[in-house]
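Read the structure below first, then the notes.
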Amino acid sequence: MKKIAVVLALFLIVGAVSLFAQDRFTLDLSKHLDGPRRNPKEFEKQYDHYGILFKDLPANVNWSQFNRVIVRIKCFRNETAELREGFGNLLATIFYEGNPENWGEPRVFDVGANVPFRAENIGAAGSSSGAVSKDSGAPITLTKAPGGIMIQNASATVKYIEVLEITFFKN
């Protein structure tokens with residue numbers, strides 16, 4: 001019985017260490033988003049935004065080890081007509097803390113202590129910010145677990161934005 005307890009304890013320790021030392025963490029969008037992956041109501045103007053809080057992120061992940069992020073997003077002209085890649089109509093901001101009542105206020109989402117990542121013109125051809133939607137990702141500096149993501153349209157043409165993937169990794 002004692003041997004079983006020791007083996008079980010080692011298994012749990014190894015499992016915890018391997019989770020803590022992982023090289024990549026992809027959010028399970030059905031589990032880690034506190035809201036729909038897509039803005040529920042149509043954007044009405046340029047720079048409309050939709051914020052999604054993250055929830056139930058594992059406490060034993062070393063978030064500061066990740067130095068790259070991939071954010072894959074689709075944008076739509078209406079409920080079903082997807083806009084093509086390369087249009088550059090999207091902005092994404094990953095933040096630590098935010099209040100749904102003040103999303104969009106510049107002081108909350110300027111890059112700084114509360115915002116480890118912000119990308120503009122996502123998907124635009126030749127845009128350095130566009131790298132966030134590619135496999136190579138874009139640089140991010142995390143000091144703790146992220147609190148959520150704010151997505152914005154950079155053009156009034158974009159009426160809906162849908163988050164497809166958020167992956168943190170180290171290269």
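Determine, for Thr80, Thr167, Thr93, Thr143, the number of other Cβ atoms within 10 Å of each Cβ, and report the residues in order from fewest to most. The most exposed by this proxy come first: Thr80, Thr143, Thr167, Thr93. Seen from Gly137, the other residues with C-beta closer than 12 Å to its C-beta sum to a net charge of +3, counting Lys and Arg as +1 and Asp and Glu as -1.
Read-outs throughout are calculated quantities, based only on the coordinates presented, and are distinct from any laboratory measurement. If you're wondering where the values come from, they're calculated on a predicted model, not measured in any experiment. Positions of Cβ are backbone-derived with ideal geometry, glycine not excepted, and every protein chain shown enters the neighbour counts.
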